[in-house]
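Colleague: Sharing a structure, written as structure tokens. Questions coming.
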Amino acid sequence: MEALNKKLAIVGLGKLGGLLAESFIARGLLQPKDIIGTVRHKARAEKLDVKHPFPVHTDNRDAVAEADIVLVAVKPQVIDEVCEAIRPVVTKDKLVISILAGVTTRAIERFLSDEVPVVRAMPNTPCSVGCGMTVLCRGKAATDEHVALAQKLFDTVGRTIVMDEKHMDAVTGLSASGPAFIYVILESLAEAGVKMGLPRDTATLLAAQTMKGAAEQVLVSGAHPAMLKDEVTTPAGCTIDGLLELEEGKLRVTLIKAVVKSGQRARELYTDPD
Ligand SMILES: NC(=O)c1ccc[n+]([C@@H]2O[C@H](COP(=O)([O-])OP(=O)(O)OC[C@H]3O[C@@H](n4cnc5c(N)ncnc54)[C@H](OP(=O)(O)O)[C@@H]3O)[C@@H](O)[C@H]2O)c1
């Protein structure tokens with residue numbers, strides 16, 4: 001992959017920030033000398049500074065002053081104080097990328113400046129195995145070039161699409177929280193295998209590969225999932241009996257409600273002062 005030749009500051013080098021940094025380096029997009037990470041606690045910074053091939057410290061302003069791209073990956077609850085600290089050094093020639101759930105580009109622009117290009121990104125944890133799903137939306141001053149730059153970064157950890165910001169809460173409920181719902185389903189399928197006598201590791205393998213294969217079939221064929229389901233379902237066969245159990249257990253409505261609730265909660269994580 002062609003190197004970006006940009007300096008990146010990751011403000012909040014936690015789970016997501018850390019795995020993104022590792023992937024940017026592994027894919028050759030950035031070199032360790034191009035990255036600086038920050039965290040809140042000094043002791044944690046010292047540990048991470050040893051773990052990573054790039055510097056990690058606690059001085060947000062210093063890290064951002066050096067950077068062309070600022071990836072903000074703190075929890076939504078601390079975005080106000082982080083923006084307050086970095087505002088004097090965030091000039092309009094930098095790109096700010098925020099991965100914070102529930103925090104709008106407008107909120108970040110209000111803290112920094114309307115002239116600062118802001119791209120909001122919603123990735124998910126499968127980014128850690130290069131199979132993530134990231135949705136991007138742009139703030140007022142972000143150009144196509146800024147969005148393309150953000151897309152290059154997130155393409156290193158999976159798929160990336162660009163959407164209007166009005167969809168970001170739905171995206172949060174579906175693809176950012178989604179992996180947790182999928183793990184519960186996967187675990188339950190494996191438990192079923194165990195109940196029927198399969199060794200647990202085999203049951204987990206069968207459940208995981210089946211989910212991966214079914215998902216891949218949807219992605220590759222573009223077919224409606226209902227059509228693919230019909231292909232598995234022989235008249236008076238085994239699958240239809242299982243499907244009836246799913247309907248009785250209200251699996252569909254439960255999953256729909258889970259995604260909707262998570263999306264609604266994203267809206268509550270940060271109270272916009274407007
Ligand atoms: N987890 C997901 O699946 C997911 C998906 C999409 C988006 N997101 C978003 O990604 C963001 C990060 O999530 P995460 O799971 O990576 O959280 P996390 O592991 O808790 O990481 C947050 C990091 O922010 C650091 N931090 C806190 N205050 C700071 C400050 N004032 N200056 C600099 N760093 C500071 C923390 O440092 P210390 O370690 O020293 O406390 C920690 O390293 C959240 O806003 C979340 O909404 C998460």
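Colleague: Can you pull out the residues in segment 134-155 that are closer than 23 Å to Glu2 by Cβ, within 16 Å of the ligand (Cβ to nearest atom) and either in the same structural domain as Glu216 (by TED's automatic domain parsing) or not in a helix (DSSP H, G or I) (or both)?
Modeller: Scanning segment 134-155 gives Thr134, Leu136.
Colleague: Which residue out of Gly197, Gly173, Gly130, Gly193 is under 25 Å from Lys212 (Cα atoms) and in contact with a strand residue (DSSP E or B) (Cβ under 8 Å, 6 or more places away or on another chain)? Break it down into steps so the answer makes sense when it comes.
Modeller: On the way: Gly197 fails: in contact with a strand residue (DSSP E or B) (Cβ under 8 Å, 6 or more places away or on another chain); Gly173 fails: in contact with a strand residue (DSSP E or B) (Cβ under 8 Å, 6 or more places away or on another chain); Gly193 fails: in contact with a strand residue (DSSP E or B) (Cβ under 8 Å, 6 or more places away or on another chain).
Residue meeting the stated conditions: Gly130.
Colleague: Pick from Ala9, Ala101: which is in contact (Cβ under 8 Å) with a residue 40 or more places away in the chain, under 24 Å from Thr125 (Cβ atoms), touching an Asp or Glu at 6+ places or on another chain (Cβ under 9 Å) and not in a loop (DSSP other than H, G, I, E, B)? Reasoning before the result, please.
Modeller: On the way: Ala101 fails: not in a loop (DSSP other than H, G, I, E, B).
Of Ala9, Ala101, the one residue that is in contact (Cβ under 8 Å) with a residue 40 or more places away in the chain, under 24 Å from Thr125 (Cβ atoms), touching an Asp or Glu at 6+ places or on another chain (Cβ under 9 Å) and not in a loop (DSSP other than H, G, I, E, B) is Ala9.
Colleague: For segment 60-81, enumerate the residues that are within 9 Å of the ligand (Cβ to nearest atom) and not in a helix (DSSP H, G or I).
Modeller: Val72, Ala73, Val74, Lys75, listed by residue number.
Colleague: Could you please let me know if Glu84 is away from the ligand (no atom under 13 Å from the Cβ) and either charged (D, E, K, R) or within 25 Å of Glu268 (Cβ to Cβ) (or both)? It would help to see each step written out before you state the result.
Modeller: Details: away from the ligand (no atom under 13 Å from the Cβ): no; either charged (D, E, K, R) or within 25 Å of Glu268 (Cβ to Cβ) (or both): yes.
Judged against the criteria, Glu84 is not a match.
Colleague: List pairs: first in segment 235-250 and assigned by TED's automatic domain parsing to the domain that holds Ile185, second surrounded by 10 or more Cβ atoms within 10 Å (Cβ to Cβ) and modelled with pLDDT of 95 or more, Cβ under 6 Å, 6+ apart or cross-chain?
Modeller: Every condition considered, the pairs that remain are Thr239/Val232; Thr239/Thr233; Ile240/Thr233.
Colleague: Considering (1) among the hydrophobic types (A, V, I, L, M, F, W, C); (2) farther than 30 Å from Val78 by Cβ; (3) without any contact (Cβ under 8 Å) to a residue 40 or more places away in the chain, say which one Ala180 fails and leave the rest.
Modeller: (2)
Colleague: Looking at (1) under 28 Å from Met168 (Cα atoms); (2) surrounded by 10 or more Cβ atoms within 10 Å (Cβ to Cβ), which is the one condition that is false for Ala226?
Modeller: The one condition Ala226 does not meet is (2).
Colleague: Moving on to the next point. Only one of these conditions is not met by Ala43: (1) surrounded by 16 or more Cβ atoms within 10 Å (Cβ to Cβ); (2) near the ligand (Cβ under 9 Å from one of its atoms); (3) of a type in the set (A, V, I, L, M); (4) not in a loop (DSSP other than H, G, I, E, B). Which number is it?
Modeller: Failing condition for Ala43: (1).
Colleague: Taking only segment 1-19 into account, find how many residues are out of contact with any strand residue (DSSP E or B) (no Cβ under 7 Å at 6 or more places or on another chain) and within 16 Å of the ligand (Cβ to nearest atom).
Modeller: 5
Colleague: Report the residue count in segment 23-40 for those that are surrounded by 14 or more Cβ atoms within 10 Å (Cβ to Cβ), in a helix (DSSP H, G or I) and not aliphatic (A, V, I, L, M). Full working, then the answer.
Modeller: Taking segment 23-40 as the starting set, the residues that turn out to be surrounded by 14 or more Cβ atoms within 10 Å (Cβ to Cβ) are 23-25, 27, 29-31, 34-40.
Checking which are in a helix (DSSP H, G or I) leaves us with 23-25, 34.
Going one step further and asking which of them are not aliphatic (A, V, I, L, M), we end up with 23-24, 34.
Number satisfying all stated conditions: 3.
Colleague: Looking at segment 48-73, which of its residues are of a type in the set (A, V, I, L, M, F, W, C) and closer than 15 Å to Phe24 by Cβ? Write out each step before concluding.
Modeller: Of segment 48-73, the ones of a type in the set (A, V, I, L, M, F, W, C) are 48, 50, 54, 56, 63-65, 67, 69-73.
Listed by number, the residues that qualify are Phe54, Val56, Ala67, Ile69, Val70, Leu71, Ala73.
Colleague: Kindly indicate the residue of segment 26-37 that is at pLDDT 95 or above and either within 16 Å of Met122 (Cα to Cα) or of a type in the set (A, V, I, L, M, F, W, C) (or both) and also nearest to the ligand (Cβ to nearest atom) among those meeting that condition. Give the derivation first.
Modeller: Step one: of segment 26-37, the residues at pLDDT 95 or above are 30-37.
Then keep just the ones that are either within 16 Å of Met122 (Cα to Cα) or of a type in the set (A, V, I, L, M, F, W, C) (or both); that gives 30, 35-36.
Working: Leu30: 18, Ile35: 15, Ile36: 11 Å.
My answer is Ile36.
Colleague: Still on this structure, please answer the following. Just to be sure, is Glu66 closer than 18 Å to Val157 by Cα, surrounded by fewer than 20 Cβ atoms within 10 Å (Cβ to Cβ) and in the same structural domain as Thr125 (by TED's automatic domain parsing)? Before you say what the answer is, go through the steps one by one.
Modeller: Values: closer than 18 Å to Val157 by Cα: no; surrounded by fewer than 20 Cβ atoms within 10 Å (Cβ to Cβ): yes; in the same structural domain as Thr125 (by TED's automatic domain parsing): yes.
So Glu66 fails the test.
Colleague: When segment 95-122 is examined, which residues are found to be away from the ligand (no atom under 16 Å from the Cβ) and touching a Pro at 6+ places or on another chain (Cβ under 7 Å)? Before you say what the answer is, go through the steps one by one.
Modeller: Looking only at segment 95-122, we keep the residues that are away from the ligand (no atom under 16 Å from the Cβ), and these are 95, 106, 109-110, 113-117.
Scanning segment 95-122 gives a single hit, Leu95.
The values are calculated or read from the model by the stated rules, or taken from the named source; none is laboratory data. Everything numeric here is computed off the predicted structure, so don't read it as measured data. Every residue, glycine as well, gets a Cβ built from its backbone with ideal geometry; the counts of neighbours run over all protein chains shown.
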